[in-house]
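First comes the structure, then the notes that go with it.
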Amino acid sequence: MPSSKNSGNSRVIGIVGGGLSGALVAIQLLGKATSPLQVVLIEPRAEAGRGVAYSTSSPSHLLNVRAGNMSIFPDEPEDFLKYLRRRSPDYSSRDFVQRQRFGAYVGERLRQARWEAFHGVGFEHLRDRARRIELADNGGMRVALESGSVFTADLVVLALGNNPPAAPFEKSEGADVVSGWSAEAFEGLGKDEEVLIVGSGLTAVDSVLTLEDRGHRGAIHVISRHGRWPLVHGSPLPLSGPTLAVGRGDSVLTILRALRAAARQAGMREDSWQVAFDQIRPYGNAIWRRLPPNERRRFLRHARPLWEIHRHRMPPEAAARIESLGQSGQLVTQRGRVLDATGTRDGLSEVTIDTSAASSRRDKSHLAVRRVIVCTGPDLDFRKAAQPIIRDLIDHNLAQLDSSNLGLAVSDNHALLQGNGRPSSSLFALGPVIRGSLWETTALPEIRVQARDLAGHLLNVPANDSVNSGSSASIFPA
C-alpha cells in the first residue's frame, strides 16, 4: 500500500506516466493540497520527471528553449535560472542548457515538493506500468498494473507522453532498423560504417550529435520527405505586442497570411519570422480550436512539416555542428521517402528510396548501410496508438479520440470525453496525449500551465463528485 504521512482518510489521485507532464502535476498537487491526499505516480523509470527527452546522458543534447524560459512554475519564471545559478553564477538566461541538467532540476523540485507538503499529504512512486483503467465496483477507478497488482484511486490523470515513432516502412527480415529513442541505436556500430537516419527533426539532430560524440567517421545519410533541418534559434528579440489579426473564419491560409504580415511588421529583419511565430504562440490553441476539421486536416497534410521546423528550433551550438558535418561531406541530407529495407548476407541493410519528391521523375535509388535509425518523431495517428491502455479506454467507452485522431478528446478542464460525449468525473489527461484538442501541448511553457490548472481543478472537485472519496489507495493482487 502506498505510503502517506496520514493515509487513513485521504483522497487518492493516481498519475499514469511519470515523465515531465506527470511529474509537474504531482509537484503542483503536493504544493497546493491543504487536506489529506495521496498522490501515486505510476512510472517504470527509477527517477520521475525525465521521460525520454531528459533521460539522456549526452552533454551534447541541449534544451531547445533558453534557460530563462524553462521554469516549471508559470508563476515563478526565474526558478530554473535560480536553480542553475546556485550551482554556477556563470549561467545566463540566454543559455541552452544540457537536457540532463533540466531533468535533474525537475527531480529535485519533486523531492522538495514531497518534503514541504502539507501534513497528511503523501506521495508514492510505483515502478510499474498501467495496463488497464476501469470503473471499480464502488465507483472508484481501478488501474491494473503490468505486475499483476491493481491500484484504486478517486481520480486518475493520464500523462502518457508521446507515442513511439511510427515505422516509416515495413521492416524486412534481417534489416538492422532501430528507433532513435532506443538505447541500442548506437551500440555495436563500427566507427567507419555508414548509417542512415530517417527523419530530419530534433531527434535526428540528437542522433547525429551522438554519433559525432562517439567518434563516428563513416557517412551519415539523412533522408526525410522535405529534406529540411529545424531552423536555428536567433538572438532573442523583444516582442512588440500582439499584431496578429486572425478572424473567426480561420483557415490555414489566413494563419499563413497573418504570420507573413507580422514578419513584415517586424521589419523583415533576419529573425523577423521568429518574432511572428513567438507572437502567434499564445493564441495557437485558440486558433486550433476554431479551425474546422477540414482545415485541421489541410494543416496536417500540407503545412505541418514547415510549421515544425519553424516552431521547434535547434540551438545555435547544435546547428553549427550539423552545418560543419554537412560541409565536410560526412553528413549527407536528402529529400525522399524510404520504401523498404532488406538485410544482406554481409550484415548490411539495403534501403530503397523513392526520390521522386525531389524531382518531377519517378525515381528510386538504393543505399547500403550498416544500420537504419528511425527519427521520424512520435506517431500522431492515435488510431494506431502503440500504448494498449489508450485502445482499452476507447474500447470500454471511457475515452474517445478527437476529430483529427491526434489524441484523446478532453473538455476544457482536461476531463476525458467518454464514448457518449460526456466529460468523465474521474479521468483526466494533459500533455502530448491531448494534442488533437490542444495543438500546443508538447512543450514546457504549455504543459506547466496545464499542470497548474489541472491540479487546482482536481483539488477542488467536490467529495461527492469524486466517486471513491474517502478511500485509501490500495495495492492488491488482480
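Of note:
- When restricted to residues that are in contact with a Leu (Cβ under 8 Å, 6 or more places away or on another chain) and either of a type in the set (Phe, Trp, Tyr) or surrounded by fewer than 16 Cβ atoms within 10 Å (Cβ to Cβ) (or both), the stretch 290-303 contains 2.
- Matching residues in the stretch 62-78 - criterion: being in contact with a Ser or Thr (Cβ under 6 Å, 6 or more places away or on another chain) and without any contact (Cβ under 8 Å) to a residue 12 or more places away in the chain: Pro77
- Within the stretch 133-173, restricting attention to residues that are over 20 Å from Val12 (Cα atoms) and among the hydrophobic types (A, V, I, L, M, F, W, C), the residue that is nearest to the chain's Cα centre (by Cα) is Ala166.
- So Asn420, is it surrounded by fewer than 21 Cβ atoms within 10 Å (Cβ to Cβ), within 29 Å of Tyr105 (Cα to Cα) and modelled with pLDDT of 90 or more: no
- Filter result for the condition that a residue is of a type in the set (A, V, I, L, M) and touching a His at 6+ places or on another chain (Cβ under 9 Å), over Val121, Val143, Val157: Val157
- Residues in the stretch 76-132 that are charged (D, E, K, R), under 30 Å from Leu459 (Cβ atoms) and within 24 Å of the chain's Cα centre (by Cα): Glu76, Glu78, Asp79, Glu108, Arg109, Arg111, Glu124, Arg127, Asp128, Arg129, Arg131, Arg132.
- When Arg50 is tested against the conditions (1) at pLDDT 95 or above; (2) crowded, with 20+ Cβ neighbours inside 10 Å, the lone failure is (1).
- Residue satisfying all of: in the stretch 308-318; farther than 13 Å from Ser60 by Cβ and outside any helix (DSSP H, G or I); farthest from the chain's Cα centre (by Cα) among these: Arg313
- Filter pass, Glu43 being under 17 Å from the mean Cα position of the chain (by Cα), assigned by TED's automatic domain parsing to the domain that holds Ile389 and buried (at least 18 other Cβ atoms within 10 Å of the Cβ): yes
- All of Asp392, Asp381, Asp340, Asp412 fail the test of being among the acidic types (Asp, Glu) and in contact with an Asp or Glu (Cβ under 7 Å, 6 or more places away or on another chain), apart from Asp340.
- Hits in the stretch 21-39 (condition: under 9 Å from Phe118 (Cβ atoms) and outside any helix (DSSP H, G or I)): Ala33, Thr34, Ser35, Pro36, Leu37
- Residue list for the stretch 220-248, filter: of a type in the set (Ser, Thr, Tyr), in a loop (DSSP other than H, G, I, E, B) and modelled with pLDDT of 55 or more: Ser235
- Only strands (runs of 3 or more DSSP E) whose full extent lies in the stretch 110-207 are considered here, and the ones with at least 3 residues that are out of contact with any Ser or Thr (no Cβ under 9 Å at 6 or more places or on another chain) and modelled with pLDDT of 90 or more are 130-135.
The values are calculated or read from the model by the stated rules, or taken from the named source; none is laboratory data. Because the structure is a prediction, the values reported are computed rather than measured. Counting neighbours? That spans all protein chains shown, and the Cβs are built from the backbone with ideal geometry, glycine included.
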